[in-house]
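Comments concern the structure below.
The values are calculated or read from the model by the stated rules, or taken from the named source; none is laboratory data. All of these numbers come straight from a predicted model, not from anything done at the bench. Note that we place each Cβ from the backbone using ideal geometry, even for glycine, and neighbour counts take in every protein chain shown.
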Amino acid sequence: MQVIGGEYWLVPSVEQAAELAAEQAGSQPDYLSQVLGPAEYFATGRDALFAVLQALPQPTVWLPDLVCLSLVTACRQAGKQVCSYAVGADLLPRDIPLTMDAANAVIVVIHYFGVYNPLLPAWAGQRGLTVLSDVTHLLFDAAALQACNQASDYVFASLRKSGPWPDGGLLASRRQALPQADLPGRLDFVALRAAGLLLRGLSASQGFADNENLAWLREAESLLDRAPAGAHACSYLSRQLLAGWAPQQQLAPMAVNFQTLRQGLPASCQLLNAAASYPLHALCAFASSAQRDQVRSRLAAAGCFAPIHWPVAGLPVVNTLASCILSLPCDARYRTEDMQRILSVIQDETR
Ligand SMILES: Cc1ncc(COP(=O)(O)O)c(C=O)c1O
């Protein structure tokens with residue numbers, strides 16, 4: 001059975017590497033440099049956030065309450081006090097505390113699941129707050145990415161969710177000097193993850209005959225979660241793979257897949273990122289936590305892996321959406337019939 005969802009995979013070949021080297025010899029700037037200009041590459045998103053926070057004097061960081069624990073931890077490890085603001089079902093902030101003090105605070109704005117939010121950076125910028133935009137989910141939308149970079153002091157992203165490279169954390173700025181990735185790469189994490197992605201590629205080439213890759217990839221993430229954030233550099237392997245990244249070819253299938261999900265989801269299942277152009281996931285809110293969990297189990301039994309963004313354990317504040325949301329994969333690896341497979345499970349389960 002063809003599996004839907006989960007990590008990308010690596011299928012390196014000497015021929016591909018030679019082709020890549022030949023393309024790079026023509027020295028076109030890579031996609032991210034073309035869109036963003038000056039950038040620094042760290043091992044992970046949390047490392048990029050940690051590095052910029054370490055360089056900023058403000059003692060407080062405002063984070064949205066729909067967030068992954070690794071970002072909260074990175075802020076604390078950079079010595080900052082973490083405050084939370086609430087995010088609503090439109091993925092926009094609700095009740096922004098007007099007590100944010102520009103001299104002493106920075107704000108992190110997450111542009112969720114392909115939906116660019118121009119209002120909050122503009123509002124915060126007018127008040128003199130330093131704005132850090134998390135563009136992890138915006139990487140395929142070049143126009144939004146560019147606008148976001150103009151409107152923010154810094155943009156940062158976790159790169160490994162967007163393609164088959166083992167690590168990568170981006171930090172870019174049009175206005176500010178960038179802190180350097182002056183610690184060595186995360187060799188243990190990269191080694192485990194690269195092996196996991198390679199195994200996944202081999203398994204995928206034989207109809208997902210083997211799941212050993214899951215153990216390697218899980219262990220890689222767990223190793224990362226146990227390690228402190230730091231200004232670790234991105235691996236050479238990922239830099240080379242990223243230099244050949246051409247997301248333009250993926251945009252059309254992503255848009256078609258997203259549209260298929262948008263049109264086929266039952267009314268009882270709310271699509272929160274309906275305004276997105278090129279998301280990797282459709283973010284759905286189900287009627288209850290029990291229904292979400294049931295749909296997720298049924299999807300898994302049908303070979304579709306739908307993650308929950310994000311587990312709430314350890315978070316200082318929990319967003320009410322967190323108990324009923326599920327992310328449906330709709331990236332360019334899949335076709336309309338894959339989206340139909342997802343939809344038929346959901347339609348059946350929510351009837
Ligand atoms: C939106 C977003 N930003 C940042 C991060 C942190 O990235 P990393 O795991 O590369 O440190 C994550 C991790 O899940 C994320 O989902």
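Residue 282: closer than 30 Å to residue 314 by Cβ, assigned by TED's automatic domain parsing to the domain that holds residue 136 and either modelled with pLDDT of 95 or more or touching a helix residue (DSSP H, G or I) at 6+ places or on another chain (Cβ under 7 Å) (or both), yes or no? Can you show your working first?
Details: closer than 30 Å to residue 314 by Cβ: yes; assigned by TED's automatic domain parsing to the domain that holds residue 136: no; either modelled with pLDDT of 95 or more or touching a helix residue (DSSP H, G or I) at 6+ places or on another chain (Cβ under 7 Å) (or both): yes.
No.
Out of curiosity, is residue 138 modelled with pLDDT of 95 or more, crowded, with 23+ Cβ neighbours inside 10 Å and in a strand (DSSP E or B)?
no
Report the residue count in the stretch 202-243 for those that are surrounded by 17 or more Cβ atoms within 10 Å (Cβ to Cβ) and of a type outside the set (A, V, I, L, M, F, W, C).
Matching residues across the stretch 202-243 total 6.
For the stretch 155-208, which residues satisfy the criterion of being hydrophobic (A, V, I, L, M, F, W, C) and in a loop (DSSP other than H, G, I, E, B)?
159, 165, 177, 178, 181, 208
Go over the candidates 116, 8 one by one and state the one that is of a type in the set (Ser, Thr, Tyr), modelled with pLDDT of 95 or more, within 16 Å of the ligand (Cβ to nearest atom) and on the phi < 0 side of the Ramachandran plot. Please lay out each step first, then the result.
Details: 8 fails: modelled with pLDDT of 95 or more.
116 is the lone residue from the list that is of a type in the set (Ser, Thr, Tyr), modelled with pLDDT of 95 or more, within 16 Å of the ligand (Cβ to nearest atom) and on the phi < 0 side of the Ramachandran plot.
Please enumerate the residues belonging to the stretch 284-317 that are out of contact with any Asp or Glu (no Cβ under 8 Å at 6 or more places or on another chain) and farther than 17 Å from residue 349 by Cα.
Once the filter is applied, which keeps residues that are out of contact with any Asp or Glu (no Cβ under 8 Å at 6 or more places or on another chain) and farther than 17 Å from residue 349 by Cα, the stretch 284-317 yields 307, 308, 309, 310, 311, 312, 313, 314, 316.
Quick check, is residue 125 in contact (Cβ under 8 Å) with a residue 12 or more places away in the chain and away from the ligand (no atom under 16 Å from the Cβ)?
Criteria met by residue 125.
Okay, residues lined up against (1) more than 16 Å from the ligand (Cβ to nearest atom); (2) outside the structural domain of residue 182 (by TED's automatic domain parsing); (3) surrounded by fewer than 17 Cβ atoms within 10 Å (Cβ to Cβ); (4) assigned to a loop (DSSP other than H, G, I, E, B):
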{"site": "33", "(1), (2), (3), (4)": "yes, no, yes, no"}
{"site": "48", "(1), (2), (3), (4)": "no, no, no, no"}
{"site": "61", "(1), (2), (3), (4)": "no, no, no, no"}
{"site": "76", "(1), (2), (3), (4)": "no, no, yes, no"}
{"site": "84", "(1), (2), (3), (4)": "no, no, no, no"}
{"site": "98", "(1), (2), (3), (4)": "yes, no, yes, yes"}
{"site": "101", "(1), (2), (3), (4)": "yes, no, yes, yes"}
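Might you check whether a residue that is outside the structural domain of residue 334 (by TED's automatic domain parsing) and within 16 Å of the ligand (Cβ to nearest atom) occurs anywhere in the stretch 200-218?
yes
So which of 296, 226 is without any contact (Cβ under 8 Å) to a residue 60 or more places away in the chain, of a type in the set (Lys, Arg) and closer than 30 Å to residue 90 by Cβ?
Answer to the check: 296.
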